[in-house]
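In what follows, a single structure is set out as structure tokens and then discussed.
The values are calculated or read from the model by the stated rules, or taken from the named source; none is laboratory data. What you see is a predicted model, and the numbers here were worked out from it, not measured in a lab. Note that each Cβ is placed from the backbone with ideal geometry, even for glycine, and that neighbours are counted across all protein chains shown.
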Amino acid sequence: MNVFNRTAPTTPATPETDEMPVLRQRGQREVFCGLTGIVWLHRKIQDAFFLVVGSRTCAHLMQSAAGVMIFAEPRFATAIIDDRDLAGLADANEELDRIVARLLARRPDIKMLFLVGSCPSEVIKLDLSKAAQRLSRTFSPDVRILNYSGSGIETTFTQGEDACLAALVPDCAATGADADDRLLVVGTLADMVEDQFVRLFNAMGIEHVDFLPPRNSQEIPAIGPGTRFLLAQPYLTETARLLDERGCTYLPAPFPLGAEGTTGWLKAAADAWNVDAEVFDNVTHSGKQRATKAVSLYKQHLEGKKLFLFPDSQLEPLMARFLSREAGMGLVEVGTPYLHRQHLAAELAMLPPGTMLSEGQDVDKQLDRCRAAKPDLVVCGLGLANPLEAEGYATKWSIELVFTPVQGYEQAGDLAELFARPLTRRQRLKV
Ligand code: SF4
């Protein structure tokens, strides 16, 4: 469901402390809600089930975003809050307990159950954290039951993953005081991308590497003061804060998109582990070369083209850095729903001087700026893509970057191809 939100007018804010001026906008915006994260999270944690406690609208969103799974038992569903619940005529907690009991009796393969809150569950003030505690008493230790909110009023869709991972952090066991140093990679990555990174870290001598989220609920990593973590995604503010509270150390780094971002990301871990510079170069050299070569195949379509990024996935500053530095694109405007300056510091430092950054949205004004600039490619959410295509613009859905394996050296060519495809397609249609 698209959430349209009208609040305060645009405020051009440039606090003196900010190194790069940012246009902050607080007007009508258009984003998907955090339930969308279930689409990639349910594929990642393979014994988890996501039970949305929401309305038929939430169910429709999930169904259309994730498609219908024909060959497998689904691992998400919606417990519908109906009129009787909304009117306070039914005890929603009792109904929820009944649904969960039925689900877990039918599906012994479920080892972790997320109760996912929505706008309607928040409206009727259904306390899902209490429900999770209550149900845990019944079903633990066979099933872990956790909760988080995917409600969409004031959020953007990638925050659903942040809320889910933040719910997992209290479940991470504490490492002992004498535990070895361990590296934690935080943020959903495709399994094959994780495997590639593990090989690179191991070749550098970093032996103990964990991932959050894990592939399986039995593999939730232990954490503690010996844990240093790299963010694989830029939208994990709350998860990072909770890891920090548990004594883990954040490793500042760019994000692993493209040859340059991947090298900077790996280097942050290498430096923390005092990996010899020559060893690092030996381990990364061929991957870096392969990535650069793969991107060069698409550079001819991208170089010199003007790019406009609307705020949607929070990946926009990373895409802008990659496309400007490795593919030669010109940046018209780089919009992002939220700008976390600490986590994005390395990315912002690599953007070309004078890049127009905007945070938040006032969609009509932003569309005017976009039309005035006549970009060659617009990266935006699904709601804007069709109208802009109809106006003659080539567009790319930013949500594709969270569904497609794009991180790491071996995926750099696929990443560039994602952006080249709408341009070459348009070219072909003209011929
Ligand atoms: S959680 Fe809210 S924004 Fe998301 S689909 Fe449900 S009602 Fe719509």
So if I check each of 252, 234, which one is touching a residue at least 60 places away in the same chain (Cβ under 8 Å), surrounded by 23 or more Cβ atoms within 10 Å (Cβ to Cβ) and not in a strand (DSSP E or B)?
234
Part of a loop (DSSP other than H, G, I, E, B), within 16 Å of the ligand (Cβ to nearest atom), polar (S, T, N, Q) and under 28 Å from residue 264 (Cα atoms): does that describe residue 156?
yes
Scanning the stretch 321-355 for residues that are among the small types (Gly, Ala, Ser) and in a helix (DSSP H, G or I), which turns out nearest to residue 299 (Cα to Cα)?
324
I want to confirm something. Restricting to the stretch 373-410 and keeping residues that are in a helix (DSSP H, G or I) and under 20 Å from residue 355 (Cβ atoms), which single residue is farthest from the chain's Cα centre (by Cα)?
373
Among the residues that make up the stretch 296-309, is at least one of them part of a helix (DSSP H, G or I), within 24 Å of the chain's Cα centre (by Cα) and not hydroxyl-bearing (Ser, Thr, Tyr)?
no
Residue list for the stretch 255-271, filter: in a helix (DSSP H, G or I) and either touching a Pro at 6+ places or on another chain (Cβ under 6 Å) or in contact (Cβ under 8 Å) with a residue 60 or more places away in the chain (or both):
258, 259, 260, 261, 262, 264, 265, 266, 269, 270
Considering only residues that are of a type in the set (S, T, N, Q) and within 22 Å of the chain's Cα centre (by Cα), which ones fall in the stretch 411-425?
411
Residue hits (the stretch 136-153; closer than 21 Å to residue 54 by Cα and out of contact with any Lys or Arg (no Cβ under 8 Å at 6 or more places or on another chain)) are 145, 146, 147, 148, 149, 150, 151, 152, 153
Only listed residue being free of Cβ contacts under 8 Å to residues at least 40 places away in the same chain and either more than 16 Å from the ligand (Cβ to nearest atom) or closer than 24 Å to residue 110 by Cβ (or both), chosen from 186, 193, 143, 169
143
Listed by first then second residue, the pairs whose first member lies in the stretch 57-83 and is farther than 19 Å from residue 403 by Cα, whose partner is at pLDDT below 75, with beta carbons under 7 Å and at least 6 positions apart or on separate chains, are 57/1
Looking at the stretch 364-384, which of its residues are surrounded by fewer than 21 Cβ atoms within 10 Å (Cβ to Cβ) and in contact (Cβ under 8 Å) with a residue 12 or more places away in the chain?
364, 365, 367, 369, 371, 373, 374, 376, 382, 383
Residue under evaluation residue 290, criteria (1) part of a strand (DSSP E or B); (2) more than 23 Å from the chain's Cα centre (by Cα); (3) under 26 Å from residue 185 (Cβ atoms), criterion not met
(1)
Could you go through the stretch 9-23 and let me know if any residue there is modelled with pLDDT of 90 or more and more than 14 Å from the ligand (Cβ to nearest atom).
yes
When the residues of the stretch 39-80 are narrowed to those that are of a type in the set (Gly, Ala, Ser) and away from the ligand (no atom under 13 Å from the Cβ), which ends up modelled with the highest pLDDT?
48
Taking into account only those residues within the stretch 39-54 that are touching a Ser or Thr at 6+ places or on another chain (Cβ under 8 Å) and part of a strand (DSSP E or B), which is surrounded by the fewest Cβ atoms within 10 Å (Cβ to Cβ)?
51
Could you tell me which residue of the stretch 24-38 is modelled with the lowest pLDDT, considering only residues that are in a loop (DSSP other than H, G, I, E, B) and of a type outside the set (D, E, K, R)?
28
Which of the residues that make up the stretch 96-140 are within 16 Å of the ligand (Cβ to nearest atom), within 20 Å of residue 62 (Cα to Cα) and either touching a Ser or Thr at 6+ places or on another chain (Cβ under 7 Å) or in contact (Cβ under 8 Å) with a residue 60 or more places away in the chain (or both)?
114, 115, 116, 117, 118, 119, 120, 121, 122, 128
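Conditions tested, residue by residue: (1) within 24 Å of residue 44 (Cβ to Cβ); (2) basic (Lys, Arg); (3) modelled with pLDDT under 95.
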{"site": "116", "(1), (2), (3)": "yes, no, no"}
{"site": "119", "(1), (2), (3)": "no, no, yes"}
{"site": "125", "(1), (2), (3)": "no, yes, yes"}
{"site": "158", "(1), (2), (3)": "yes, no, yes"}
